[in-house]
Amino acid sequence: MAGPVNPAERVRPARVAVVGAGAVGAYVAARAGQAGAEVVLCVRRGAYDRVRVVRDESAGGNFETPLRVITDPARLDAPLDWVVMATKAHQTHAAMDWLHAALAASAEGLGVVVAQNGVRQTERVSPPVPRDAVLPAVVYINAELPEPGVVRHLAYGVLQIPDSPLGERFARVLPPGDVRLVDDFVTAAWSKLLSNSAANSVTALTGRGLEVLGRADVAELALAVMRETAAVGRADGARLPTDAPERTLERLRRQPPGAGTSMLRDRLAGRPLEHEALIGTVVRLGQRTGVATPASAALLPLLAALNDDRAG
Ligand SMILES: NC(=O)c1ccc[n+]([C@@H]2O[C@H](COP(=O)([O-])OP(=O)(O)OC[C@H]3O[C@@H](n4cnc5c(N)ncnc54)[C@H](OP(=O)(O)O)[C@@H]3O)[C@@H](O)[C@H]2O)c1
């Protein structure tokens, strides 16, 4: 379905649909628009016609990108070059109508980028999207959405995607530097999951920012989760250094006061948590690969219980 190069994109702006206008989706949409793409933002609700990105002067300053915002998949009726799936992982299934509409409207050349935390992002959209048309992405964009259409960009701003002809093609859709092509995507994804599995879990469960890792007992628990994550990752093919858990913990402990995680933000906002795609994956793949994950397995039902009173 997706060829390595779509020649049409060389002579006209890339046509990009971004599904999910949260912090990451709205940021990526704004950056694609800034780079000259025609962008349509696919949302469940909201009426606005531009995304405003607010950030420090040192990061490039504020900017605004006009774009089209739609709430009905039936309106995704023109051929597209790209869909960027930027919902939370657990929202992907419910957002499939957008992908079906995009596939129906785009006979060939459609690529789908899954810009979500976790590992094995390709499996979340394939089928219906052919595997060779999917680009999994590790998201290094630290952003919040204070209101619809307004992104507070806090740090970083990079999508790591597999180094491939399809990856090179997508890199041209965003401003230079926003996409980093990586040789070993499996390792890149597990490196990110290493911190997400532990940091998101302990902050969401305690309702506290990363400063909670200053407690020796919480740090010990986080380290246990990270060691399990690293062991499962290695069984899945990731080449993680022996001391990756310890180094990740040190990095997390150096974060400035008040630094949080996306799962903590979701907990405080009363939204469903992304725990299944993060620590749930560690437990499930651990079972499949014969790696014991007792600390992660103990945290999982507690995180699931936090979801009991939230809308799905
Ligand atoms: N934010 C960060 O700093 C950050 C950093 C690294 C990685 N990530 C990862 O990036 C991914 C996206 O994160 P995020 O922070 O952008 O999440 P988010 O702010 O929660 O945004 C998700 C968006 O998807 C929308 N959505 C859900 N179902 C939909 C559907 N069926 N159709 C259309 N839109 C739908 C939600 O809409 P509603 O508003 O209607 O609920 C929401 O606006 C996650 O996997 C996250 O872990 C985020």
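Tell me the per residue accessible area of the chain using a 1.4 Å probe; a whole number in Å² is fine. Provide the component values of the computation, followed by the final result.
Values: 13750 Å² over 312 residues.
Per residue, the chain has 44 Å² of solvent-accessible surface.
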Point to revise | Only Lys, Arg (+1) and Asp, Glu (-1) charged, at Cβ; region 186-306 dipole about Cα centre in debye | key: 200
Revision key, fill the gap. Taking the chain and counting helices only, DSSP H stretches of n ≥ 4 at -39,500 (n - 2.57) each over all residues, the nearest-500 ellipticity at 222 nm comes to -10500 deg cm²/dmol
Exercise for review: Compute the distribution of all C-alpha to C-alpha distances in region 186-306, in bins of 5 Å from 0, and list the percent of pairs in each, rounded to whole numbers.
Suggested key: 2, 13, 24, 26, 20, 12, 3, 0
Check your understanding: Taking the highest mean first, how do the peptides 273-280, 60-67 order by number of other beta carbon atoms within 10 angstrom per residue?
Key -> 273-280, 60-67
Practice item. Would you mind pulling out the separation of the Cα centroids of region 262-282 and region 140-198, in Å? Key: 19
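Using a 1.4 Å probe on the protein chains only, how many percent of the accessible area of the chain belongs to carbon and sulfur?
Numbers: 7160 of 13750 Å².
Roughly 52 percent, rounded to a whole number.
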Review point. Out of ALA47, ALA59, ALA95, whose Cα points farthest toward the positive end of the dipole of region 8-183 (charges: +1 Lys, Arg; -1 Asp, Glu; placed on Cβ)?
Key: ALA47
Check your understanding: What number, in percent, do you get for the relative contact order of region 91-243 if the mean sequence gap of Cα pairs under 8 Å and at least 6 apart is divided by its residue count?
Key -> 16
Review point. Using a ≥ b ≥ c from the Cα gyration tensor of region 121-273 (square roots of the eigenvalues), is it rounded, prolate or oblate, where a/c under 1.5 gives rounded and otherwise the larger of a/b and b/c decides, a/b for prolate?
Key: oblate
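The values are calculated or read from the model by the stated rules, or taken from the named source; none is laboratory data. A quick note: this is a predicted structure, and the numbers were derived from the prediction, not measured. Positions of Cβ are generated from backbone atoms using ideal geometry, with glycine treated the same way; all protein chains shown enter the neighbour counts. Quick note on the areas: whole protein, heavy atoms, side chains included, nothing else; ligands and nucleic acids left out. Shrake-Rupley method; radii C 1.70, N 1.55, O 1.52, S 1.80 Å.
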